[in-house]
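Novice: Below: one structure in structure tokens.
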């Protein structure tokens, strides 16, 4: 083999190696970018506001004639749709007017297992600082993410939770029993899916109760609530 051929082969070999190095760098760089995107979990444009007369996981006037208890799961797509689209209308039309007192309860691990339990605990820990609804909103805005303690802490910090108290709450599993009780109460009420809503009011001393088992449109809520308001003279 001539000297010229040796030089040409060496150049070709060096060229291939450079291509492989460049390709590897691109793959590694893309992986790092994706990891940053996944970890950062950039939230959609959602305002993490408190609610009217917010008190832990409840909102509205406790003396309102209509009571609504929602059983929900933070990993449930239909629950997220209700939370981000239907609930704001319900709040504006009925909660802020004093007609409805609304309580959010989880379904424990009935639907989503450990991740659902973790998110339930996180929202209840945030509720100690009256940041329940802000935590509720940011979790639902990112519900397609994997839930772990780190990401829950990140979201809690984002919505303004004091982190020392939050960390202490989470580290002791303070609200695990409460989340499990949510599940037990949902099952006792005949609920097997989320979201489900128990709407109740009192007429002549008798409690009238109706279950809406599903992600109903706002029109369905209006019908039941308006019937209740008429029945109670409101």
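The values are calculated or read from the model by the stated rules, or taken from the named source; none is laboratory data. Predicted, not measured: the structure shown is a model, and the values here were computed from it. Cβ sites come from the backbone with ideal geometry, for glycine too, and all protein chains shown count toward neighbours.
Novice: Could you list, in sequence order, all residues of the range 160-174 that are closer than 16 Å to residue 120 by Cα and either touching a residue at least 40 places away in the same chain (Cβ under 8 Å) or assigned to a loop (DSSP other than H, G, I, E, B) (or both)?
Specialist: 161, 166, 169, 170, 172, 173, 174
Novice: Quick one: is residue 225 in contact with a strand residue (DSSP E or B) (Cβ under 8 Å, 6 or more places away or on another chain), within 21 Å of residue 84 (Cα to Cα) and in a helix (DSSP H, G or I)?
Specialist: yes
Novice: Restricting attention to the range 87-96, and to residues there that are surrounded by fewer than 18 Cβ atoms within 10 Å (Cβ to Cβ) and touching a residue at least 40 places away in the same chain (Cβ under 8 Å), which single residue is nearest to the chain's Cα centre (by Cα)? Walk me through it before giving the result.
Specialist: Here is the first cut: in the range 87-96, the residues surrounded by fewer than 18 Cβ atoms within 10 Å (Cβ to Cβ) are 88-89, 92-93, 96.
When the remaining residues are screened for being touching a residue at least 40 places away in the same chain (Cβ under 8 Å), the result is 89, 93, 96.
Details: 89: 18, 93: 22, 96: 22 Å.
Among those residues, the one meeting the criterion is 89.
Novice: Counting only residues that are under 22 Å from residue 73 (Cα atoms) and touching a residue at least 24 places away in the same chain (Cβ under 8 Å), which one in the range 217-234 is surrounded by the most Cβ atoms within 10 Å (Cβ to Cβ)?
Specialist: Checking each candidate, the answer is 221.
Novice: Related question: When the range 97-127 is examined, which residues are found to be without any contact (Cβ under 8 Å) to a residue 60 or more places away in the chain and part of a loop (DSSP other than H, G, I, E, B)?
Specialist: 97, 98, 112, 113 - these are the residues of the range 97-127 that are without any contact (Cβ under 8 Å) to a residue 60 or more places away in the chain and part of a loop (DSSP other than H, G, I, E, B).
Novice: Here's a follow-up. Taking only the range 194-215 into account, find how many residues are surrounded by 17 or more Cβ atoms within 10 Å (Cβ to Cβ) and part of a loop (DSSP other than H, G, I, E, B).
Specialist: Total meeting the criteria: 3.
Novice: Any idea which of (1) assigned to a loop (DSSP other than H, G, I, E, B); (2) modelled with pLDDT of 95 or more; (3) exposed (fewer than 14 other Cβ atoms within 10 Å of the Cβ) is the one residue 177 doesn't satisfy?
Specialist: The one condition residue 177 does not meet is (1).
Novice: Something else about it: Restricting to the range 186-201, count the residues that are more than 20 Å from the chain's Cα centre (by Cα), touching a residue at least 12 places away in the same chain (Cβ under 8 Å) and over 18 Å from residue 87 (Cα atoms).
Specialist: 4
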